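One structure below.
The values are calculated or read from the model by the stated rules, or taken from the named source; none is laboratory data. None of these values were measured; they are calculated from a predicted model. Cβ placement follows ideal geometry from the backbone for every residue including glycine, while neighbour counts extend to all protein chains displayed.
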């Protein structure tokens, strides 16, 4: 489970609008919809801001997501193309094309897996690392702000949470 999914699941784990034992869901209020709208707008603003930051750095937003997926992959080995497809919610062939373009731009490099030659792993190049390191501090700061907004929305939802 991703850190974001874990955070959201933890915040919403005792959300009272889940069906009760009788199967009924409490009546939704205007405030519920206002909170949902505020959350969605906050997410979209972050996404748009991130896309603009990537473009200013010379990347497409999907290339930026690819670089983050490579760098954030857990473990000692770089991710496979299949891992990246899973992270980016793309089909395998679309991920191959994305990696092709990122490799042509000099951001990533394919390498054969040391123990299974059928697997292709993808690692960042020095220019890819440099761009990602330039973009990440501002993204972490924005995510911190977004987490605070999310926390405030969840906790203040008409006092019905926690």
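Quick check on residue 45: is it at pLDDT 85 or above, assigned to a helix (DSSP H, G or I), within 23 Å of residue 133 (Cα to Cα) and more than 13 Å from the chain's Cα centre (by Cα)?
yes
For residue 154, the conditions (1) in a helix (DSSP H, G or I); (2) surrounded by 13 or more Cβ atoms within 10 Å (Cβ to Cβ); (3) in contact with a helix residue (DSSP H, G or I) (Cβ under 7 Å, 6 or more places away or on another chain); (4) at pLDDT 95 or above all hold with the exception of (4). Scan segment 120-144 for residues that are surrounded by 12 or more Cβ atoms within 10 Å (Cβ to Cβ) and under 23 Å from residue 35 (Cα atoms) and the total you get is 2. When the residues of segment 113-136 are filtered to those that are at pLDDT 95 or above and either part of a strand (DSSP E or B) or under 14 Å from residue 46 (Cα atoms) (or both), the one that is nearest to the chain's Cα centre (by Cα) is 136. Total residues in segment 103-112 satisfying the condition of being assigned to a helix (DSSP H, G or I) and buried (at least 16 other Cβ atoms within 10 Å of the Cβ): the figure is 0. For residue 45, the stated conditions hold: it is within 30 Å of residue 28 (Cα to Cα), surrounded by fewer than 15 Cβ atoms within 10 Å (Cβ to Cβ) and in contact with a helix residue (DSSP H, G or I) (Cβ under 9 Å, 6 or more places away or on another chain). When segment 10-42 is filtered for residues that are surrounded by fewer than 12 Cβ atoms within 10 Å (Cβ to Cβ) and either modelled with pLDDT of 85 or more or in a helix (DSSP H, G or I) (or both), the ones remaining, listed by number, are 10, 28, 30, 33, 37, 40, 41.
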